[in-house]
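Participant: Supplied in structure tokens, the structure appears directly below.
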Amino acid sequence: DDPVFRARRADWIQGAVIAPEALALRYLGGEVGDRLIVVNLGHDLYPPPATEPLLAPPNGHVWSVLWSSEDPRYDGQGIPILETRKPWRLSAHSTLVLIPVPEDSVPPTWGHEDQPFAMAGEIQDIHPGLLRRFRNRGKKS
């Protein structure tokens, strides 16, 4: 019963392929706010969010999960981190529906600047190689 989806406005929809077996659909909801649907039909995927403009949240906002096919209510594995500025993990054969929330309303659950944060109750799951690269940024080899 979401107002953006209920509007059924084809002119509000933009889409992009983000991997060979994954796509994103962004509903431009105007004053009500955008919605982002991310569908992964393949294996676990770690797309860098900066590579596709449709994945970027509105200014001053971050994405929050509105619905996930990985929700334990559907026998899923749980909802992974989706922090806009850090690598995402999209579970294999899953769909996410995201809604923008004000950036200052998101409480960090990790206490250090060099660690990723997650929404309370979400799984701390980032591909180990990407996490290593994130932690080593700016360090000289």
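The values are calculated or read from the model by the stated rules, or taken from the named source; none is laboratory data. Remember, predicted model here, so these are calculated numbers, not experimental data. What goes into the accessible areas is simple: the full protein's heavy atoms, side chains included, and nothing from ligands, DNA or RNA. Shrake-Rupley method; radii C 1.70, N 1.55, O 1.52, S 1.80 Å.
Participant: What does the stretch 1-82 give for Rg and for Dmax, in Å, if only its C-alpha atoms count?
Facilitator: Over the stretch 1-82's Cα set, Rg and Dmax evaluate to 13.3, 35 Å.
Participant: Taking all protein chains as present, what is the carbon and sulfur share of the accessible area of the stretch 15-80, in % to the nearest whole number, probe 1.4 Å? It would help to have the intermediate numbers written out before the result.
Facilitator: Details: 1990 of 3500 Å².
The computed percentage sits at 57.
Participant: Would you mind getting the accessible area per residue of the stretch 1-53, heavy atoms of the protein chains only, 1.4 Å probe, in Å²? Display every interim value, and only then the final one.
Facilitator: Numbers: 3240 Å² over 53 residues.
For the stretch 1-53, the solvent-accessible area averages 61 Å² per residue.
Participant: Continuing with the same structure: Expressed in nm to one decimal, what extension gain is obtained for the pair Asp71 and Ala56 from 0.36 nm per residue of sequence separation less their Cα-Cα distance? Can you show the working numbers first?
Facilitator: Values: separation 15, 0.36 × 15 = 5.40 nm, distance 2.30 nm.
Separation in residues times 0.36 nm, less the Cα-Cα distance, equals 3.1 nm.
Participant: Taking 0.36 nm per residue of separation and subtracting the Cα-Cα distance, what length does fully extending Val32 through Ala10 add?
Facilitator: Numbers: separation 22, 0.36 × 22 = 7.92 nm, distance 1.59 nm.
Once the chain is fully extended between Val32 and Ala10, it gains 6.3 nm.
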